[in-house]
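Engineer: One structure is given below, represented as structure tokens, and several questions about it will come after.
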Amino acid sequence: MGKVTRFPAERIARYLTERMKAEKRSYPGGKRGRIKERVSHLEIEQGVSGLVDAIVEKEDLLKQIISDQTVLDGHKASITQEEVLEALDGLELVDGADIRSLTRSLRSTQGLESSVKEAKRRLAEVKSRIAGLIAHEQIAEAFEDHIARKVAVVRSARNVEGLQALIAKCELARMELLARRNNENAALTRADNETIEKYASIRPKALGKIDELMGHEEVYYETKRRELLEYRRQLLNGGFVETPSIRDEVMKIVSHSQLGIPVLLRGHLGAGKTEVALHVARKYFGCEPEFISGSEEATKYDIYGRTQIGVRPQKDRIREFEHHMREYVRWNPDAPKEELKEVEKQYYQAIVVKGLTISFFQYGPLVRAMREGKPLIIDEMDGIPHSIIMRLNHVLTRRPGDTVKVQENGGGDIIVKKGFAVLATGNIKSVRYKREELDAAFLSRWWSNDIRYTPQHETYQILVASLLDRRGNLQIESPEALDDLKRLTEAAAEIQRIFTGEQVDYFGEGADAAREIPASLKKSVLSLRHLWNIVRPWKARNFDRPLESYILNEFIKPAVVEDQVYLVQLFCRFRFFKTWKPDEFGIPGLTEAKVLAFQGKQADQTAR
């Protein structure tokens, strides 16, 4: 392995500073050279801070201009806002003036044009400011020191990430080794055991290095900032966030799947069972899984496949032609070349060229997963009729290389490829979910695990991450917004406990304490998915209204009618809707007396 060249942080800082000094000559204010007069320590600190802010703004402006200009290229220029205002000032409607030409001249891209124009003007100012600051020798030197410290901190934070990734990679490698020996039906050799012991020794050493790095305050906060930015990236790229608690569950799932053990993930509504299964397939198996949606109307043909009659697309016809040729060769291994050429010609003409109506077998998701070596996800497995799902008993124990006969295809053979795994989801058994009773013998073939709602502290971190910009800065109007998020996650945790029955509420709407009947939520639970749907539009609309307005419109109102009043009460317990009037909610059955009671107030005696 070649030696990796690493430049010291000081060298990187010196290079960046010198480059800025060279750039200052290319714009106004950059020809004065170095300014050597003495400045105070406070002025140096302010100068460095201002220089850092200006550089960040410069980069943001450049990206904005390039991005917006890409959209504007090829579009006709629009009339400006100033020209519109001037035209309106001089418009005499009483004379019958026609304003349609003015309207036609205003393009939908006008906002971008104005923004680009203003950004370019501001960019020139920022460049001039940078030139003026970097010209001060003492500020330049202090800035160089600042950059060197920053580079060192970022490197340390990246090393923390690298060590965390190393631990995960070692665990995956260990599981892969165990899975391989299991699939080979081979005992672990002495070399295998020594390898596993070395992996076991790597983990504590790596964790010790992480603790050492995180002992530095700046490295700790930079690592946490980068962690939140990674959460933000995951939110924007699909919405699934692999928090530490989720990662622990994922590693258990992967380890059992690699051993050929089918995995059943159980959980309540919104716990993320399906998302976890999809995440495991995509990230750890590296492919898009085959998928079966559980339904009481499902048939064996939806799982294994069915015979179709009709004309297929050309790509499918070519695939069918190749399949027929392989089958012909398999059943006629001694056929001469001349015969094979003639059969090939006939098949090609009939199937590909003419596209004649023929019968063919369309493989279902289970068979495709076995043939192509992909994971199969059976979503809501307990919703599939018992007689259908029991046919999976034989398939669940198949290993790579095994042959499976598909009765629906006339007993055709399918060879199971490496990568085939079965992941299923189902609801935790309760009166809320009307599902098929799975046979005990059938369940004994599965490794089952309960997927719980994301812990409250991780939920809070995810919501904070959703409010970050790409640099890791919080986009909030005031610190109170973070308190709103904290109370929102607390409310979510209580709603989840009440929904699952972990918490009993005898004081909630609809409860009867005398008969020991607690309040309950029929179909509403504030999952991470719902929280993201509340916070995302709140941020996108620049926090134009209080968070509680989005709670009402994005979660409470779309909920079933039976749950809406109780949900208002639950959120009031966490200091939301403290000044709202009944008519502001627009919820049937929510009276003034109830609202005042939820808010901890007493109704006006004269109003009774």
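Engineer: I'd like the residue in the range 327-340 that is surrounded by fewer than 10 Cβ atoms within 10 Å (Cβ to Cβ) and in a helix (DSSP H, G or I) and, out of all such residues, is modelled with the lowest pLDDT.
Structural biologist: Only one residue tops the list, namely Trp331.
Engineer: Moving on. So which pairs qualify, if the first residue must be in the range 415-426 and among the polar types (S, T, N, Q), the second must be in a strand (DSSP E or B), the Cβ gap must be under 7 Å, and the two must be at least 6 apart or on different chains?
Structural biologist: Thr425/Leu265; Thr425/Asp379
Engineer: Something else about it: Take the residues in the range 593-608 that are surrounded by 13 or more Cβ atoms within 10 Å (Cβ to Cβ) and outside any helix (DSSP H, G or I); name whichever of them is modelled with the highest pLDDT.
Structural biologist: Of everything passing the filter in the range 593-608, Gln599 is modelled with the highest pLDDT.
Engineer: Next question, about the same structure. Only one of Ser78, Ser101 is at pLDDT below 80, part of a helix (DSSP H, G or I) and among the hydroxyl-bearing types (Ser, Thr, Tyr). Can you tell me which? Lay out the reasoning, then the answer.
Structural biologist: Values: Ser78 fails: part of a helix (DSSP H, G or I).
Just a single option satisfies the conditions, and that option is Ser101.
Engineer: Here's another thing I want to ask about it. Would you say Phe543 is crowded, with 16+ Cβ neighbours inside 10 Å, closer than 24 Å to Pro479 by Cβ and over 25 Å from the mean Cα position of the chain (by Cα)?
Structural biologist: Values: crowded, with 16+ Cβ neighbours inside 10 Å: yes; closer than 24 Å to Pro479 by Cβ: yes; over 25 Å from the mean Cα position of the chain (by Cα): no.
For Phe543, the condition - crowded, with 16+ Cβ neighbours inside 10 Å, closer than 24 Å to Pro479 by Cβ and over 25 Å from the mean Cα position of the chain (by Cα) - is not met.
Engineer: If you scan the range 542-568, which residues turn out to be part of a loop (DSSP other than H, G, I, E, B) and out of contact with any Asp or Glu (no Cβ under 8 Å at 6 or more places or on another chain)?
Structural biologist: First, pick out the residues of the range 542-568 that are part of a loop (DSSP other than H, G, I, E, B): 542-546, 557-560.
Once the filter is applied, which keeps residues that are part of a loop (DSSP other than H, G, I, E, B) and out of contact with any Asp or Glu (no Cβ under 8 Å at 6 or more places or on another chain), the range 542-568 yields Asn542, Asp544, Arg545, Lys557, Pro558, Ala559, Val560.
Engineer: I want to confirm something. Restricting to the range 475-489 and keeping residues that are polar (S, T, N, Q) and in a loop (DSSP other than H, G, I, E, B), which single residue is modelled with the highest pLDDT?
Structural biologist: Of the range 475-489, the ones polar (S, T, N, Q) are 475, 478, 489.
Narrowing further to those that are in a loop (DSSP other than H, G, I, E, B): 475, 478.
Values: Gln475: 83, Ser478: 80.
Step by step, filter the range 475-489, then rank; the result is Gln475.
Engineer: Using the structure shown, decide if Ile303 is of a type in the set (A, V, I, L, M), part of a helix (DSSP H, G or I) and at pLDDT below 85.
Structural biologist: Numbers: of a type in the set (A, V, I, L, M): yes; part of a helix (DSSP H, G or I): yes; at pLDDT below 85: yes.
So Ile303 passes the test.
Engineer: Then there's this: Any residue in the range 564-590 that is in contact (Cβ under 8 Å) with a residue 24 or more places away in the chain and assigned by TED's automatic domain parsing to the domain that holds Asp505 sitting within a Cβ distance under 7 Å of a residue that is in a helix (DSSP H, G or I) and among the aromatic types (Phe, Trp, Tyr)? List the pairs, counting only those 6 or more apart or interchain.
Structural biologist: Within 7 Å, the pairs are Val568/Phe585; Val568/Phe598; Gln569/Phe598; Cys572/Phe598; Phe577/Phe571.
Engineer: Quick check on my filter: what residues within the range 271-290 are within 18 Å of Ser527 (Cα to Cα), assigned to a helix (DSSP H, G or I) and in contact with a Ser or Thr (Cβ under 9 Å, 6 or more places away or on another chain)?
Structural biologist: Once the filter is applied, which keeps residues that are within 18 Å of Ser527 (Cα to Cα), assigned to a helix (DSSP H, G or I) and in contact with a Ser or Thr (Cβ under 9 Å, 6 or more places away or on another chain), the range 271-290 yields Lys273, Thr274, Val276, Ala277.
Engineer: Does Thr223 fit the bill of being crowded, with 16+ Cβ neighbours inside 10 Å, touching an Asp or Glu at 6+ places or on another chain (Cβ under 6 Å) and not assigned by TED's automatic domain parsing to the domain that holds Ser444? Spell out the reasoning first.
Structural biologist: Working: crowded, with 16+ Cβ neighbours inside 10 Å: yes; touching an Asp or Glu at 6+ places or on another chain (Cβ under 6 Å): no; not assigned by TED's automatic domain parsing to the domain that holds Ser444: yes.
Here the answer is no, as Thr223 does not meet what is asked.
Engineer: Ala492 - would you say it is aliphatic (A, V, I, L, M), loosely packed, with under 13 Cβ neighbours inside 10 Å and free of Cβ contacts under 8 Å to residues at least 40 places away in the same chain? Show your work before the answer.
Structural biologist: Details: aliphatic (A, V, I, L, M): yes; loosely packed, with under 13 Cβ neighbours inside 10 Å: no; free of Cβ contacts under 8 Å to residues at least 40 places away in the same chain: yes.
No: the conditions fail for Ala492.
Engineer: While we're here: If you scan the range 510-540, which residues turn out to be in contact (Cβ under 8 Å) with a residue 40 or more places away in the chain, part of a helix (DSSP H, G or I) and of a type in the set (Lys, Arg)?
Structural biologist: Arg529, Arg536, Lys539
Engineer: Right, next: Out of the range 59-69, which residues are over 16 Å from Asp469 (Cβ atoms) and crowded, with 16+ Cβ neighbours inside 10 Å?
Structural biologist: Within the range 59-69, the first condition is being over 16 Å from Asp469 (Cβ atoms), and the residues that meet it are 65-66, 68-69.
Hits for the range 59-69 are Ile65, Asp68.
Engineer: Now for a different question. Before we move on, is Gly472 on the phi > 0 side of the Ramachandran plot, modelled with pLDDT of 80 or more and of a type outside the set (S, T, N, Q)? Full working, then the answer.
Structural biologist: Values: on the phi > 0 side of the Ramachandran plot: yes; modelled with pLDDT of 80 or more: yes; of a type outside the set (S, T, N, Q): yes.
It is true that Gly472 is on the phi > 0 side of the Ramachandran plot, modelled with pLDDT of 80 or more and of a type outside the set (S, T, N, Q).
Engineer: Going by what's in this entry, would Glu37 be described as assigned to a helix (DSSP H, G or I), loosely packed, with under 12 Cβ neighbours inside 10 Å and at pLDDT below 85?
Structural biologist: Working: assigned to a helix (DSSP H, G or I): no; loosely packed, with under 12 Cβ neighbours inside 10 Å: yes; at pLDDT below 85: yes.
No: the conditions fail for Glu37.
Engineer: For Arg247, work out the one condition from (1) surrounded by fewer than 19 Cβ atoms within 10 Å (Cβ to Cβ); (2) farther than 30 Å from Glu176 by Cα; (3) of a type in the set (D, E, K, R) it doesn't fulfil.
Structural biologist: Answer for Arg247: the failing condition is (2).
Engineer: Take the conditions surrounded by fewer than 15 Cβ atoms within 10 Å (Cβ to Cβ) and either modelled with pLDDT of 85 or more or farther than 15 Å from Tyr301 by Cα (or both) and apply them to Lys354. Does it pass? So that I can check it myself, show each step before the final result.
Structural biologist: Details: surrounded by fewer than 15 Cβ atoms within 10 Å (Cβ to Cβ): yes; either modelled with pLDDT of 85 or more or farther than 15 Å from Tyr301 by Cα (or both): yes.
It is true that Lys354 is surrounded by fewer than 15 Cβ atoms within 10 Å (Cβ to Cβ) and either modelled with pLDDT of 85 or more or farther than 15 Å from Tyr301 by Cα (or both).
Engineer: Follow-up question, since we're still on this one. Failed condition for Arg107, given (1) assigned to a helix (DSSP H, G or I); (2) surrounded by 14 or more Cβ atoms within 10 Å (Cβ to Cβ), with all others met?
Structural biologist: Every listed condition holds for Arg107 apart from (1).
The values are calculated or read from the model by the stated rules, or taken from the named source; none is laboratory data. Here the structure is a predicted model, which is why all the values come from computation and not from measurement. As a convention, Cβ positions derive from the backbone with ideal geometry for all residues, glycine included, and neighbour counts pool all protein chains shown.
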